[in-house]
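Here is the structure we will look at, set down as structure tokens.
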Amino acid sequence: MKPRSSMLGMTLLVAFTVATCAEAEPAQSQDDIYQQEQAPADVLPSHIANGAEVQNWDEESSRLLASHDGHQFFLLRSTTEGNCLVSVDQTPPQTWVAACSPSGRIGMSGPAGVRAELDLEGFDEDVPPLEGWSRPVPELQVLVPRSADRP
């Protein structure tokens, strides 16, 4: 028979492990993201969507990945360039920037100093983002400078 304190310690370890795993949101695969039905929030703002045809973007594939510090980050497919990440500043005049890649990894930086990295496989949850960066969803890391630090 094991001592009671050893069993209690094992029970607490198992409970902590289960609770920690339950809190971690797993990364969605690229197919999972696109297979979800497009919700109203997933639709690109009209001033961006108006140029989607010129960009060879599939507007119906757009998905809102995250809203963070006054910016929205969308993922969508391009008929010629693979996946595209679009960052939209919510402050008027709602400037935006996009980057596309045939791979599941995209890096971008915008005119307001906003930087973003997308990894559709999800970033390693055991490795925290760099200082100043945030990870609003497992697939996206962003750096949004404070207003005073923006160019």
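The values are calculated or read from the model by the stated rules, or taken from the named source; none is laboratory data. What you see is a predicted model, and the numbers here were worked out from it, not measured in a lab. For neighbour counting, all protein chains shown are included, and Cβ atoms are generated from backbone atoms with ideal geometry for every residue, glycine included. Heads up: the accessible areas ignore ligands, DNA and RNA and are worked out on the full protein's heavy atoms, side chains in. Shrake-Rupley method; radii C 1.70, N 1.55, O 1.52, S 1.80 Å.
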Since Gln72 meets every condition but one in (1) closer than 30 Å to Arg146 by Cβ; (2) at pLDDT below 90, which condition does it not meet? (2)
In region 51-64, the residues that are open to solvent by 20 Å² or more (accessible area, probe 1.4 Å) and under 12 Å from the mean Cα position of the chain (by Cα): Leu64
In region 7-50, how many residues are over 20 Å from Leu120 (Cβ atoms) and either at pLDDT 75 or above or under 15 Å from the mean Cα position of the chain (by Cα) (or both)? 8
